[in-house]
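Here the structure comes first, spelled out in structure tokens, and everything after it is commentary.
The values are calculated or read from the model by the stated rules, or taken from the named source; none is laboratory data. Bear in mind that the values here come from a model prediction, so they are computed numbers and not experimental data. Methodologically, a virtual Cβ is constructed for each residue, glycine included, from the backbone with ideal geometry; neighbour enumeration extends over all protein chains shown.
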Amino acid sequence: MGGLRTRCGLAVFAALVCASHASGSEVENAPVALEQRGLALLKKLPREWSGTSDRDCKTYEDKNIDRLTRSFAASAAEFLLAFKQVHGAVTVTSAHRTAEEQTCVCIGEKGPCAGRPRVVKTKKKGRRVVVRGISRHQLGIALDVRPGTGSESEFTCLQEFARLNPQFGVRFPLGKRDYPHMEPSTVGTIKVAAVGLTPALVTPCTNMTIMLTHDHVD
């Protein structure tokens, strides 16, 4: 009888140890799962050229999504999914950009563009220095998105949604100067608490109920 109790005790202990290891493994792998989910969600969203530059530099393709930092991709994906569920259509128009792609985007770009050359006068007479900035798109921590048809009221709603729901960890720092430009509010942080939130757990924007669309309604 004593031997049976010993064997049963060992079996229970082994089960608890296995369960503990499995639980620890799940926690350890959680960030990886979130990152993979983020990339997959972003790739499922509509993606197209914004039309604000002279050429379609194709910075919205899978290759550009894949080059985003994993933490930002995770946060951005959860934010856009929640926005879509509450307010409707949203389109990705630009993700990561190489230096060459950034230069391409800046040709004819109507808004701010970090890759655009600019001339700076110095104190020395006649001397000018050309300065090229580095875009956060090149660092993999920026995404351009268009809500609905891209009207001012729709962009205002999108930016308000980000302010009202800081749990997603994204922001639109340039405001009206560059409506589509989204960045992480805290670099390197995945907002785990925001994953899979239902529409009832987020705060909608106040000025619009649903985004407009170019699609015909039956």
Subset of the stretch 65-75 (residues that are within 16 Å of Arg136 (Cβ to Cβ) and in contact with a helix residue (DSSP H, G or I) (Cβ under 8 Å, 6 or more places away or on another chain)): Ile65, Leu68, Arg70, Ser71, Ala73, Ser75
Residue list for the stretch 40-68, restricted to those being touching a Leu at 6+ places or on another chain (Cβ under 8 Å) and either surrounded by fewer than 17 Cβ atoms within 10 Å (Cβ to Cβ) or of a type in the set (Gly, Ala, Ser) (or both): Asp66
Residues within the stretch 138-149 that are of a type in the set (Val, Ile, Thr), surrounded by 19 or more Cβ atoms within 10 Å (Cβ to Cβ) and either within 17 Å of Met211 (Cβ to Cβ) or without any contact (Cβ under 8 Å) to a residue 24 or more places away in the chain (or both), tallied: 1
Lys63 farther than 30 Å from Thr209 by Cβ, in a helix (DSSP H, G or I) and at pLDDT 80 or above: yes
Selection count where residues are at pLDDT below 60 and under 14 Å from Ala77 (Cα atoms), scope the stretch 175-195: 6
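Here's the yes/no breakdown for (1) at pLDDT below 95; (2) in a loop (DSSP other than H, G, I, E, B); (3) of a type in the set (A, V, I, L, M):
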site	(1), (2), (3)
Trp49	no, yes, no
Ser53	yes, yes, no
Lys58	no, yes, no
Leu68	no, yes, yes
Ser71	yes, no, no
Thr93	no, no, no
Cys104	yes, no, no
Ala114	yes, yes, yes
Val120	yes, no, yes
The stretch 85-105 residues that are under 13 Å from Arg136 (Cβ atoms), paired with ones that are modelled with pLDDT of 95 or more and part of a helix (DSSP H, G or I) (beta carbon under 6 Å, 6 or more apart): Ala95/Asn64; Ala95/Ile65; His96/Asn64
Single residue of Leu45, Leu34 found to be at pLDDT 95 or above and touching a helix residue (DSSP H, G or I) at 6+ places or on another chain (Cβ under 8 Å): Leu45
Test set (1) in a helix (DSSP H, G or I); (2) within 16 Å of Glu183 (Cβ to Cβ); (3) in contact (Cβ under 8 Å) with a residue 60 or more places away in the chain - Ala82 fails condition number: (2)
Residue pairs meeting the criteria (Cβ under 8 Å; at least 6 apart or on separate chains; first farther than 18 Å from Leu81 by Cβ, in the stretch 150-176; second in a helix (DSSP H, G or I)): Gly175/Gln159
